[in-house]
Amino acid sequence: MIFLRSSRGRIWAVVAVVVALIATFPLSIAFSLLGLKDMGATARSLRGPVWWGGAEELAIGNVRLGTVNVFLDPFHLLIAQAQVELIRVNGRPDDLLGAVVVGPGVRGLERVTGSVPLASTLGSLPITRAQFEKFSVRFSGGRCIEAEGRVRATVAPSFSGLDLANGLSGDARCDGEALLIPLASQSGQERMDLRIRGSGTYEALMRIRTNDPVLSGALATSGFQAVNGEQVLRISGTL
């Protein structure tokens, strides 16, 4: 019995040490080990332990999320996945909740709700901000396998005559290998299809139906072309 108690004591001592090491594991090191840097995640600074830390001026690719609290969900580690919660709740318009998911052959976003600035992120498209509502997407082997949630894009007031006071909105879904976010204005006269691949490359097609020659001329100076009675702009790039 003495030997058994001693063995148990040693086991619990090892467990305590392991738990202590995990609990204080630096977020800055975990960013690389969890594969977040491979997804293009960068930050000006990372502070605190992986279980509850903070990232200053966090960005994923060219999408800037700002300063957020970061929390690693331990339960997803049991299924060989890392789910890193991103939290910023200050009662302001830029509040953000959601998670980045990374696992063997799988990466994506989970339950993102909040507002993200997109000015200059989508090239010459006049999209300044995106509002997400329970938005999720997962890629496996570079292929979109799951996508849902609503997205609303705020459009810069660059052209008079457009019905874009309420922006463009639509529900995300997978379309072949790509994530498709089909967006439309309240009138349906303005539409944009945004396709994003697992590599981070995107293709955007914006279509505006108008008979106004003044508006058509203004759109033409911004790269739109007349196609089948619509003004069309095609953009591609990398997020």
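Does residue 121 satisfy the condition of being out of contact with any helix residue (DSSP H, G or I) (no Cβ under 9 Å at 6 or more places or on another chain), assigned to a loop (DSSP other than H, G, I, E, B) and β-branched (Val, Ile, Thr)?
Criteria met by residue 121.
So, in segment 118-145, of the ones that are closer than 17 Å to residue 94 by Cβ and under 12 Å from the mean Cα position of the chain (by Cα), which residue ends up surrounded by the fewest Cβ atoms within 10 Å (Cβ to Cβ)?
In this case the residue turns out to be 133.
Identify, please: which residue in segment 225-239 is of a type outside the set (Asp, Glu) and more than 27 Å from the chain's Cα centre (by Cα) and is, among those, surrounded by the most Cβ atoms within 10 Å (Cβ to Cβ)?
The selected residue is 231.
With (1) crowded, with 18+ Cβ neighbours inside 10 Å; (2) within 18 Å of residue 201 (Cα to Cα) as the list, and residue 106 as the residue in question, which single condition is left unmet?
Every condition holds for residue 106 apart from (1).
Between residues in segment 198-219 that are over 17 Å from residue 156 (Cα atoms) and residues that are outside any loop (DSSP other than H, G, I, E, B) and of a type in the set (Lys, Arg), which pairs lie under 6 Å by C-beta distance while being six or more apart or on different chains?
Between residues of segment 198-219 that are over 17 Å from residue 156 (Cα atoms) and residues that are outside any loop (DSSP other than H, G, I, E, B) and of a type in the set (Lys, Arg), the close pairs are 203/195.
Please specify each residue of segment 152-194 satisfying the condition of being among the aliphatic types (A, V, I, L, M), part of a loop (DSSP other than H, G, I, E, B) and surrounded by 19 or more Cβ atoms within 10 Å (Cβ to Cβ).
Once the filter is applied, which keeps residues that are among the aliphatic types (A, V, I, L, M), part of a loop (DSSP other than H, G, I, E, B) and surrounded by 19 or more Cβ atoms within 10 Å (Cβ to Cβ), segment 152-194 yields 162, 164, 172.
Listed here are the residues, each with its yes/no results for (1) farther than 30 Å from residue 85 by Cβ; (2) out of contact with any strand residue (DSSP E or B) (no Cβ under 7 Å at 6 or more places or on another chain).
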position: 134; (1), (2): no, no
position: 138; (1), (2): no, no
position: 151; (1), (2): no, no
position: 162; (1), (2): yes, no
position: 215; (1), (2): yes, yes
position: 221; (1), (2): yes, yes
position: 232; (1), (2): yes, no
position: 239; (1), (2): no, no
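We did not get these values from a lab; they are worked out from the coordinates using the rules stated. On a predicted model such as this, the values are computed, not experimentally measured, just so you know. No Cβ is skipped: glycine too gets one built from the backbone with ideal geometry, and neighbour counts run over all protein chains shown.
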